[in-house]
Amino acid sequence: MFWPEKMGYVILKDISKRFADGESGCRIVLDKLSLDIEQGDLVAVTGVSGTGKTTLLSILGTLVEPDSGTIATGGQVVDWHDAGRLCRLRNRQIGFVFQDSRLLPWLSAWQNILLPAYAEGGRPTPEMVHWAEKLVDIMDIGSVREQCPQTLSGGEKSRTALCRALVMRPGLLLADEPTGQLDAAHARDVAGLLQRVNRELGTTVVVATHDTELAQTARSIYRLENGKLNKES
């Protein structure tokens with residue numbers, strides 16, 4: 001099924017999501033929220049903790065199904081009942097950067113970077129390995145690629161996670177509070193890397209953050225409040 005009207009690269013239309021709440025029965029996190037993201041855009045979603053930024057990114061990444069509404073990526077409406085297609089979409093077209101990096105501690109940085117390629121089935125192709133090596137150079141982590149995550153600095157972990165998110169050449173990169181656990185210097189480095197990924201690789205980037213400095217690097221800034229998105233001028 002294709003979106004029946006002119007659209008951007010990613011569209012959310014009338015998305016609602018609520019969660020169980022012990023006091024009131026349920027809490028509305030997203031309330032008929034709509035968003036149109038153009039291909040190649042760099043978007044920041046701001047808002048205080050608990051407003052639903054992570055939920056929004058999880059829906060964008062097809063990790064969480066909304067209670068109602070529609071999401072389309074690249075002109076194709078997401079079918080929440082087709083598990084196989086959802087898995088392929090996540091692995092091939094969407095890259096994720098989580099706040100805590102989520103690197104597997106028993107694998108080296110290089111092995112963590114190549115995980116999505118193994119998840120695709122079999123071994124990485126020579127083309128995938130060459131691309132991964134290029135990403136390692138771009139992120140400047142060649143000197144630590146054989147080290148395990150517990151020996152890496154916060155900035156090195158973030159850059160390794162960014163390489164992993166990009167190894168399948170996704171059209172969409174989602175970053176959830178990517179500077180939340182970093183000091184100011186490393187936070188600026190990650191912000192610069194996200195800009196570089198967007199500019200040089202043409203990747204559409206959506207970052208959820210309460211970091212004002214990071215948000216200001218985006219071309220489009222939205223504030224999530226009371227379940228709605230408001231674009232900031």
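In terms of other Cβ atoms within 10 Å, PHE19, PHE98 run from fewest to most in the order PHE19, PHE98. With contacts taken as Cα pairs under 8 Å and at least 6 residues apart, the range 1-155 reaches a relative contact order of 20 percent.
Each residue of the range 68-84 is assigned a 3J(HN,Hα), and the resulting list reads 7, x, 10, 10, 10, 10, x, x, 9, 6, 5, 9, 5, 8, 9, 4, x Hz, derived from the Karplus form 6.51 cos²θ - 1.76 cosθ + 1.60 (θ = phi - 60°), x at Gly and Pro. A full extension of the chain between SER68 and ALA83 corresponds to an added length of 3.6 nm, given 0.36 nm per residue minus the alpha carbon distance.
In this label model, LEU201 and ASP36 are separated by 2.7 nm, measuring between points 7 Å along each Cα→Cβ vector.
Relative to the present Cα-Cα distance, how much length would full extension add between LYS134 and GLN150 at 0.36 nm per residue of separation?
3.4 nm
If you add up the charges near VAL45, with Lys and Arg at +1 and Asp and Glu at -1, over every other residue whose beta carbon is less than 9 angstrom from its beta carbon, what do you get?
So the surrounding residues net to +2.
With R₀ fixed at 25 Å, the C-beta to C-beta distance from SER49 to ILE28 puts the FRET efficiency at about 0.90.
Shown is the FRET efficiency for ARG102 and ASN230, computed with R0 = 30 Å from the Cβ-Cβ distance and rounded to the nearest 0.05: 0.50. If both residues of a DSSP beta bridge must be in the chain, then about 55% of such bridges are antiparallel. When the charge dipole of the range 141-233 is built from unit charges on Cβ atoms (+1 for Lys and Arg, -1 for Asp and Glu) and taken about the Cα centre, the candidate among GLN181, ALA215, GLY154 whose Cα reaches farthest toward its positive end is ALA215. Local charge for PRO149 was computed over the other residues whose Cβ lies under 13 Å away, with Lys and Arg +1 and Asp and Glu -1, and equals +2. In degrees from 0 to 90, rounded to the nearest 10, what is the angle of the helix 184-201 Cα long axis to the longest principal axis of the chain? The helix 184-201 is inclined about 80 degrees to the chain.
Computed from the coordinates by the stated procedures, all read-outs in this text should not be read as laboratory data. Quick caveat: nothing in here was measured; it's all calculated off a predicted structure. Backbone-built Cβ (ideal geometry, glycine too); neighbour counts: all protein chains shown.
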